[in-house]
Structure formats: structure tokens, C-alpha cells
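As C-alpha cells, the structure follows; a few thoughts come after it.
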Amino acid sequence: MKSLFPHSETTREITVRVAVSFLPEQSEPPRGRWFWAYHIRIENDGPMAVQLMSREWTIVDGRGGRSEVEGDGVVGEQPVIEPGQAFDYVSGCPLATPTGWMEGRYQMIGADGSAFAVTIPRFSLTAPAVSS
């Protein structure tokens, strides 16, 4: 799994895995636009179902420009993830620089009514031919 999703973080038996891909066909470097897709897999290894209620992202570009993004659910859903199950989705991120990074957290509610945050690991956004 690590080779498919090189970034991962586990919080309270919920593991968030991330794989990122640069999308040259959606990028326009001469116009200051670089675009990445990221695939998130949320695995529930705990004893009870959890529901993803909201997300909070921090996005930082190569010049240190910072954006905070918050919203309900992910990709229009507030999925319930049963024990032993996973939820996958793909989204994207444009930047005005060829490098940057993202990290964040999901707000979850357990089947017992407990609310808790789950960490989304930091991952780099680096266009090809750009060395750090």
C-alpha cells in the first residue's frame, strides 16, 4: 500500500493515505498555473463506523502564499465508513508556482456520537523538472 500511497497518517485507528500526480495537460506554466490531482484513501481500522463531516486544508505555494479551505464533506459526500472498510476519492489543486504542499484534517463523528479530528498528512506538490 505504501508504494501506491506514499503519504499516510493514522489517528484513532483511521488511516488517511495520499497519492499525488502532476497533471501537465491541465497546467499552463507560461500563465503561472500548475495543477495536481490527489487520491485520498480513508481506512477505518477501528471498532465502529465513522462519518466524515467536514474538511480543513492548508495549501502553501512555493512563494509561501497560504490558503485555508474548509467545507462540508468531500467531493459532495459525507461518507460513513464502516469498520474494516475504506472510502476513496480524487480531487485537485491548482497553484501559481511549480512547487508547494498541502495538509489538513477531517472532522469525524463516531457511531457513538464522539467528534474527533483525523490528520491528513502533509504532501508535496512538485512539478517535473523542478528540484527542491
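One table, with the values for the structure above:
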{"quantity": "Filtered residue count, segment 35-53, keeping only those that are outside any strand (DSSP E or B) and not small (Gly, Ala, Ser)", "calculated": "3"}
{"quantity": "Options Glu25, Glu56; residue that is assigned to a strand (DSSP E or B) and either under 12 Å from the mean Cα position of the chain (by Cα) or of a type in the set (Asp, Glu) (or both)", "calculated": "Glu56"}
{"quantity": "Test: residue in segment 70-92 that is in contact (Cβ under 8 Å) with a residue 12 or more places away in the chain and out of contact with any strand residue (DSSP E or B) (no Cβ under 8 Å at 6 or more places or on another chain)", "calculated": "no"}
{"quantity": "Condition check for Pro128: outside any strand (DSSP E or B), at pLDDT below 95 and of a type outside the set (Asp, Glu)", "calculated": "yes"}
{"quantity": "Val80 being of a type in the set (Val, Ile, Thr) and closer than 11 Å to Gln51 by Cα", "calculated": "yes"}
{"quantity": "Residue satisfying all of: in segment 86-123; among the polar types (S, T, N, Q) and exposed (fewer than 14 other Cβ atoms within 10 Å of the Cβ); farthest from Glu9 (Cα to Cα) among these", "calculated": "Ser114"}
{"quantity": "Of all residues in segment 59-70 being out of contact with any Gly (no Cβ under 8 Å at 6 or more places or on another chain) and either loosely packed, with under 12 Cβ neighbours inside 10 Å or charged (D, E, K, R) (or both), the one that is farthest from Pro83 (Cα to Cα)", "calculated": "Arg63"}
{"quantity": "Positions within segment 33-53 being over 28 Å from Pro128 (Cα atoms) and either more than 15 Å from the chain's Cα centre (by Cα) or without any contact (Cβ under 8 Å) to a residue 12 or more places away in the chain (or both), in sequence order", "calculated": "Asn44, Asp45, Gly46, Pro47, Met48, Ala49, Val50, Gln51"}
{"quantity": "Residues located in segment 1-58, provided they are among the charged types (D, E, K, R) and open to solvent by 70 Å² or more (accessible area, probe 1.4 Å)", "calculated": "Lys2, Glu9, Arg12, Glu13, Glu25, Glu28, Arg31, Arg33, Asp45"}
{"quantity": "Output for segment 73-99, where each listed residue is within 14 Å of the chain's Cα centre (by Cα), under 19 Å from Val16 (Cβ atoms) and part of a strand (DSSP E or B)", "calculated": "Val74, Phe87, Asp88, Tyr89, Val90, Ser91, Gly92, Cys93"}
{"quantity": "Thr15 vs. criteria at pLDDT 95 or above and within 13 Å of the chain's Cα centre (by Cα)", "calculated": "yes"}
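The values are calculated or read from the model by the stated rules, or taken from the named source; none is laboratory data. Everything quoted here is computed from the prediction, not taken from an experiment. All Cβ positions, glycine included, derive from the backbone under ideal geometry; neighbour counts span all protein chains shown. Calculation scope for accessible area: heavy atoms of the full protein, side chains included, ligands and nucleic acids excluded. Shrake-Rupley method; radii C 1.70, N 1.55, O 1.52, S 1.80 Å.
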